[in-house]
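Bear in mind these aren't lab numbers, they're just calculated from the coordinates by the rules spelled out. It should be emphasised that the depicted structure is a prediction, and the values quoted were computed from it without experimental measurement. With ideal geometry, Cβ positions are generated from the backbone for all residues, glycine too; neighbour counts draw on all protein chains shown.
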Amino acid sequence: MVVAKIELSFKDSRIFASGLDSTYLIVKLFDKDGALLTEVDPADLTLSCSQDIEAKPFTLKQGVYKADLLPRLKSPNIRMQVDWKNKVKSRMVVLKSSTAPIKDNLLPYHHEFLEAKAHGEVMVGRGSRFPASGSEEFSFVNVGPNKIIKGLNASRTFNFEYPEHARQNIAMQIDDAPNESISHTMHSIFMFFPRSQLPLLEQLKKTMEVTLPNGEKMIFDKDSKEIIGGVFQEGALDNISDRTKRQYPDLRYSGRGVVLRVNARGQSPQLNEYEKEKIDMEFGSKGSAEVLIINGTTGEKCRRPKIDFWDTLDVAPIEFKFATDDAFEIYLQNNCGFGLPKF
């Protein structure tokens, strides 16, 4: 049996270079008459790549040869070629690998469930209608005891969301749970601008480094999940007995971007609040009425109504009204007197 021609294609020609998201290479083999070959030994096929990549051996499935591919974290585009017994080579193909959002707007998906699996120190999740080879969020939990979490059954959860790899709803949600009662949990959502990339996670020997949508970083202790560096400092979880007087997650931003923060206790922060105290104008850890916007470059701050950014319907997902940074910047200039920094 002699292979005369090799054709290559990808299941997905563009992939998020998260170190978590995968795709597969499809290889079709033909003889000199153009007939499809399905009895070639997969071990006779060799894959060559321009970048380091995790690739499983070729297997024959449904008449074509496939190899699962997992690009490395922050991998650039990868040129690939397959040869048969060093005699016949395919044309070069390129797997586009990027950390940028693939689109602005979310589609009208309605996920039936969220699937999560462990990856090192974190949980990686995706909605039921998103491909199983991709990710849409990652999260981890500080359960103490340490200087942040001091009480029993208390925790602080960090969840970095990038649904559908779209720009629209990229966010970080932090949930402070002082006890096991869901209605007592203090929720905060942070959105970062400009939204030039999807959140990234790098698990190192002693730390975990998260790259935010604006390119800035948060650095966590790998064991305790405490913030130890980057553009945020954190304070201890508030577990005073009166839940109505508890502060929201004590996170203080010191970066150069624009950060939007919104809070709520026991419900989605984007929805109309039942508390009447307005969010404070320093770091936003007190109050839940309205939204706090911080310009880290200029130090300017702005407080605006929640309805300007989300509709009041309790649906999933609750969509941010500004899918593009250009539209959000126009809003800022008109209502806050500043735009988005360029860096």
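Computed quantities for the displayed model
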quantity	calculated
Pairwise FRET efficiency - Lys96 versus Glu209, Cβ, R0 = 30 Å, nearest 0.05	0.80
Which of Phe138, Phe10 has the fewest Cβ neighbours within 10 Å, and the rest in rising order	Phe10, Phe138
Likely footprinting exposure, Glu137, Glu54, fewest C-beta neighbours within 10 Å first	Glu54, Glu137
Cβ crowding within 10 Å averaged over residues, with 111-119, 62-70, 220-228 ranked highest first	220-228, 62-70, 111-119
Calculated [θ] (222 nm, deg cm²/dmol) that DSSP helices of n ≥ 4 give over the chain, each run adding -39,500 (n - 2.57)	-1000 deg cm²/dmol
Amide H within-cut-off set for Gly230, under 5 Å, with H built and near neighbours excluded	Ile219
Mean-position separation - Cα centroids, the range 183-259 and the range 277-343, in angstrom	17 Å
Length added when fully stretched, Arg14-Gln267, from 0.36 nm per residue minus Cα-Cα	87.5 nm
Free-standing Cys residues across the chain, given no other cysteine C-beta under 4.7 angstrom	Cys49
Whole-Hz ³J(HN,Hα) from phi, Karplus 6.51 cos²θ - 1.76 cosθ + 1.60, for the range 72-86, glycine and proline x	6, 4, 6, 5, x, 4, 10, 8, 9, 8, 10, 10, 10, 6, 6
Sorted by Cβ density within 10 Å, fewest first, the residues Glu121, Glu319	Glu121, Glu319
Whole-Hz ³J(HN,Hα) from phi, Karplus 6.51 cos²θ - 1.76 cosθ + 1.60, for the range 178-191, glycine and proline x	x, 7, 8, 7, 4, 5, 8, 5, 9, 9, 9, 10, 10, 10
In degrees, nearest ten, helix 325-335 long axis to first principal axis of the chain (Cα)	20 degrees
Residues in the range 251-276 reached by a label modelled at Asp242 [backbone nitrogen below 20 Å; 7 Å Cα→Cβ]	264-266, 274-276
Derived scalar couplings ³J(HN,Hα) [the range 2-11; Karplus, 6.51 cos²θ - 1.76 cosθ + 1.60; whole Hz; x for Gly, Pro]	10, 8, 10, 8, 10, 10, 10, 7, 10, 4
Placed amide H near Ile26: partners under 5 Å, 5+ positions off or other chain	Ser9, Phe10, Lys11
